[in-house]
1. Compute the distance from the alpha-carbon center of region 76-100 to that of region 643-664, in whole Å.
2. Find, among the trypsin sites (Lys or Arg not before Pro) in region 448-515, those assigned to loop by DSSP (not H, G, I, E, B) with at most 12 other beta-carbon atoms within 10 angstrom.
3. Given charges of +1 on the Cβ of Lys and Arg and -1 on the Cβ of Asp and Glu, with all other atoms neutral, how large is the dipole of the chain about its Cα centre, in debye to the nearest 20?
4. Provide Rg and Dmax in Å for region 258-408, with only Cα atoms included in the calculation.
5. With equal scatterers on the alpha carbons only and no solvent term, can you work out the Debye log10 of I(q)/I(0) for region 613-725 at 0.11, 0.14 1/Å?
6. Over every pair of different alpha-carbon atoms in region 192-281, take the mean of 1/r and invert it; report that Kirkwood radius in Å.
7. Using all C-alpha to C-alpha distances in region 51-144, build P(r) with 10 Å bins and read off the rounded percent in each one.
8. Semi-axes of the equivalent ellipsoid of region 340-434: what are they in whole Å, largest first, if each equals the square root of 5 times a C-alpha gyration tensor eigenvalue?
Amino acid sequence: MSRPELLAPAGTFAAFQAALSAGADAVYLGGNRFGARAFAGNLEEEELLAAIDLAHLHDRKLYLTVNTLCREEEVPALYEFLLPLYEAGLDAVIVQDFGALLYIKNTFPGLALHASTQMAVTGEAFASLLKDFGVSRIVPARELSLSQIKTIHEHVDMEIECFVHGALCYCVSGMCLMSSFIGGRSGNRGKCAQPCRLPYTVYDERKKQVSDETNAYALNTKDMCTVELLPDLLSAGVCSFKIEGRMKRPEYVAGVVSVYRKALDRILEGNKEQLLDPSDKADLLALNNRDGFHKSYYFQHNGPSMMALANKKLSVSRQKQADALYQRLNEEIIGRKLQLPLTASFALEKECPASAMLSDGSLTVTYRGDIPDTAKNSPLSAEELKSRLSKTGNTDFTFSSLAVHVEDGLFLAAGRQNSLRRDALSAFRQEKCGSYRRPALTRPEIPRAEKKAEIQKPALAVSVSTQEQLKAVQEFHPDRLYIPLSFINNPDTEKTRTCDKLMASGTEIWLELPYITDEDTQKKYEKALETACKAGYSFLVRNAEDLGLLIKRGLADRVRADYTLYTMNSYARDYLSALGISAFTAPLELNYGELKGQDLSKSELVVYGRTHLMVSAQCLRKNYASCIGKGGVWTLKDRTGTVFPVVLDCSTCRNIIYNSVPLSLLGSAQKLKALNAEGYRISFTFETRKETEAVLKAVFEIFRGGRTDYREDFRFTRGHFSRGV
């Protein structure tokens, strides 16, 4: 892509029209299924088809969001959903689900694939895997710095699309389960309830309250506004500038797009100094913001300047300013019909069909109509014909120049003159939009996996976070032990010696990699990873970048994909299997019935443990006190009194918010055994040694002793095992 693209959001057809009128080069929107903004207006099929043609008529592009996780039966349903749009010339789909990615590539040849920010692309390793698969564009995780984006651009030849304006999630996109576990509304399924926008009471590691009513919105990020950074983004290799806001009204779309259009045009004209007029910034502030703006993560990793901790309400004066702006945008942009200017020439000649030649500069179409009549009384003049033909009214066209030639002595009735103009314009539209059409497609047969294998003795796997938990584990000798990568940094530690003893007794030792890995994180643990690879360890991989790094090293056979590498359908497992991955983790957002329909013969099922709800580049300590480079556990208490522990992980400079109580499926032993899972995982985070021993004792009684009457004597949740999402 040579010319940078301004990409606008649209949640309704009116917002789509506003985006085009304001100067967007492309628009992304969702249909009534598979989109990550289920509560936006979204478009029905008829509107989507009209939007595709309207975009192409004006030489713009239209991208469809298919950026949710798909259940098993939903993946084949993509065929009926996408087929008419594909044949109409849809330009690209934006995808999160690995299975949807695989299915669309195999089913719709030539349809461009864009990797959604929900995929959490954080580095060149995974970007390279996507490129090799056929993905043409990535939307990186929004937490990347400009230098990290530039590194991807320099090493992987593919398009990079970045968010430049609008709301920003507190959690790394695709890594959030908070709405899902608290209220059953999954962000991965497009129905986020936005718990990050609610107030919380914040406590430090000493249980001291550090928040009050003036800064209670601990997870509430400000909106981003990076219009002044557009030259920097261009230099880093970004080719598409994406505005967030599919939930926003048309006036918002029109206003933001028009400001960014002006700034981008000034850059293209060579002016990189004065991108904004003072009134432009005022307009952006009036349209929508949370306590002002910040410039995203491009030049800072985190900090209180990025947060709207006070969540100030819109003042009366600001609301009046916004209302006045909305009215002006309606008059100047939304209320103005977007018409394609054409140069046109019409000719009426004796005994010849009336002719029209229309051109938009890139396409010229010739149309021939009826043969004009010989005039009996008043012959038609060129001026009369031109006057009638110029009346394009509320159509999608206008004539920038109109030449008319009429031979003497000819006549054409007024209705036939109107038909000539209307039919000529229709012919131009058909030719223009028809050039984007694809031939009719027959549904291909996609081979499915063989019958699932029967698991005779499921493995018992244990994950630990502390030395005390590790001491408890050594008495039980599980089949598989997961330990943090940091445990092997010093081979002389007691932790390492305990692991060596367990390994000698037959326990497999696996290393847990971080939830998020970017270029900086990789540098921090590169030495430890190298040591682990040489020592023959296997790895529990939680993000796609680590997946790419290990595949690049030829270690795919030593990888288990964690539940954060979502395999909600068998097609997703097929995608990962094609990369050489043969060990998985069952998704946490499927219920018992859905899990039973899955082939879990290569998947572990988490049956106990605190679920991570958010992974964030933001830091509570830094936002409420100051960074001291020391980890710890802070807590958040919501309005109901529920308390969520937050791990301040200084090794990766991220915060991990965990659920208030552990997930436990131990009281559902009979159902668990019916799932035919390859293994069951017990995950410990904050448990004491005594608590760890008690849970492990129950686990071994259930899965090795056949106990069926176990009932938890601690606070827990069944998660989605019964209710689903």
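1. Each part reduced to its Cα centre gives a spacing of 36 Å.
2. Sites meeting the loop and neighbour criteria: R448, K451.
3. Magnitude of the dipole: close to 1900 debye.
4. 26.2, 83
5. After summing over all Cα pairs, the log10 values are -0.49, -0.73.
6. Working: mean 1/r = 0.0612 Å⁻¹.
Taking every pair of different Cα atoms in region 192-281, averaging 1/r and inverting gives 16.3 Å.
7. 16, 48, 30, 6
8. Semi-axes, largest first: 23, 13, 11 Å.
We did not get these values from a lab; they are worked out from the coordinates using the rules stated. The structure displayed is predicted, hence computed values, not measured ones. Cβ: placed from backbone, ideal geometry, glycine included. Neighbour counts: every protein chain shown.
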